[in-house]
Amino acid sequence: MSRATELLTTAEEAATHLRSAEAAKWLDQLGGIYSECEWALGWLIDHDRTDEALRLALALVDFWQFADRIGDGRDWLDRVLLARSVEDASHAEALFQAGLLAFWQGDDAVARDLHQRSLEIASRLSDPTGVALALTGLARIELRTDIGRAQALSLEALDAVSRTNDQRGRSNALHLLGAAAQMTADFPEARDWMLRRLELAHAMGDLRTVAAESGNLSMVERQLGNLTRARELADHALQLADRLGDSWMIPYCLNGLAAIALATGHHERAATLLSAADHLVRDQGAAWPPDEAPHFEHTRTTTAQALSPKTFNQAWSTGHSLTPTEAVTYALSPLEGESALVPEPGRG
């Protein structure tokens, strides 16, 4: 067995664990061999073993996001897709993943083209999961400018997998429907979609999605005035993201906790958390997604108005200087009047 093949086997095994309780261990293992994986990708492409190169690239997608290497992921997926001419389900999947990475960096024109190409291939292959994923990729982009269109695409995605045992396409569609409802202030509907996705994530054993959707639901509960429940969910999301080693998710958790701090009158804490979140997003080379950006902007504007310029700038500077570990510790520290962290919520 060649070294490239060994690395492919290891990466594919690791990929099956990156959303489980063992994620941190496997992230460390991938981090230790990442330079070799990059060598293997280049070697497989150069030796016209593009099917294996594509498998390796897809196995590394979650790692690229977890480890803040989105630029690497986009470059390698572009190279593999350019070298490979077979338009099969794996090719459609790679186009979808490349589109997601472009979206996270705010490169919507490229993301739209990649998702559209993925949709065309998946439709031609009558692949319901591929169709649903591509539709939700397009829906993410539409959230920026046309929420109604995003909802329509997400419902179409949900319908595409309604008569299948699919989980991924259904999960993505539920997420987009929840995000769209939250953005239009239909909070009861948003809660329903998000609870459905949480239930599915638990059934899948997908702890990363549990963390993400707990954070999303926290935003909804806060806007419904349920601040204690919002804090429980936000703390749970951050604790879980930290335990998984998912540095990508941490700033979104901080964004939610900053909004809760603002809602409870802790303005300096809100500014500090928000600055830490913004600094981490910038370090990722990412852009705030459309469902998170309004909360970020509202918290920043309101805290700046509530505090003196000197106090706001000091809090912002403090947050900017925090390491990810320090930011997590600060975010999970008790608010004034609390004696301990809010306990983690149950599965509901």
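The values are calculated or read from the model by the stated rules, or taken from the named source; none is laboratory data. Everything numeric here is computed off the predicted structure, so don't read it as measured data. We place every Cβ from the backbone using ideal geometry, glycine too, and count neighbours over all the protein chains shown.
Do we have any residue at all in segment 250-271 that's in the same structural domain as T302 (by TED's automatic domain parsing), at pLDDT 95 or above and of a type in the set (D, E, K, R)? Scanning segment 250-271, I find at least one residue that is in the same structural domain as T302 (by TED's automatic domain parsing), at pLDDT 95 or above and of a type in the set (D, E, K, R), so the answer is yes. Here A57 meets each of (1) surrounded by fewer than 14 Cβ atoms within 10 Å (Cβ to Cβ); (2) among the small types (G, A, S); (3) under 24 Å from the mean Cα position of the chain (by Cα) with one exception, condition (1). Just for segment 233-249: of the residues that are closer than 17 Å to L30 by Cα and small (G, A, S), which one is surrounded by the most Cβ atoms within 10 Å (Cβ to Cβ)? Checked segment 233-249; the qualifying residue surrounded by the most Cβ atoms within 10 Å (Cβ to Cβ) is S247. Restricting attention to segment 108-146, the residues that are part of a loop (DSSP other than H, G, I, E, B) and under 16 Å from H91 (Cα atoms) add up to 3. Only residues that are acidic (D, E) and closer than 21 Å to L133 by Cβ were counted across segment 175-207, and they come to 2.
Apart from one condition, R19 fits all of (1) out of contact with any Lys or Arg (no Cβ under 6 Å at 6 or more places or on another chain); (2) farther than 17 Å from G285 by Cβ; (3) assigned to a loop (DSSP other than H, G, I, E, B); the exception is (1).
Just the residues that are within 17 Å of the chain's Cα centre (by Cα) and surrounded by fewer than 24 Cβ atoms within 10 Å (Cβ to Cβ), please, taken from segment 251-278.
D278
Listed by first and then second residue, the pairs linking a residue in segment 55-77 that is closer than 15 Å to W43 by Cα to a residue that is surrounded by fewer than 20 Cβ atoms within 10 Å (Cβ to Cβ) and not aliphatic (A, V, I, L, M), with Cβ atoms under 9 Å apart and 6 or more places separating them unless they lie on different chains, are R55/E12; R55/S90; L56/E12; A57/R79; W76/E38; W76/G42. When W39 is tested against the conditions (1) surrounded by 16 or more Cβ atoms within 10 Å (Cβ to Cβ); (2) assigned to a helix (DSSP H, G or I), the lone failure is (1). If you filter segment 147-196 down to residues that are assigned to a helix (DSSP H, G or I) and among the hydroxyl-bearing types (S, T, Y), you find that the one that is nearest to A211 (Cα to Cα) is S171. Scanning segment 159-190 for residues that are surrounded by fewer than 20 Cβ atoms within 10 Å (Cβ to Cβ) and more than 19 Å from R19 (Cβ to Cβ) gives D159, S162, R163, T164, M183, T184, A185, D186, F187, P188, E189. Any idea how many residues of segment 45-77 are acidic (D, E) and either touching a strand residue (DSSP E or B) at 6+ places or on another chain (Cβ under 7 Å) or outside any helix (DSSP H, G or I) (or both)? Number satisfying all stated conditions: 2.
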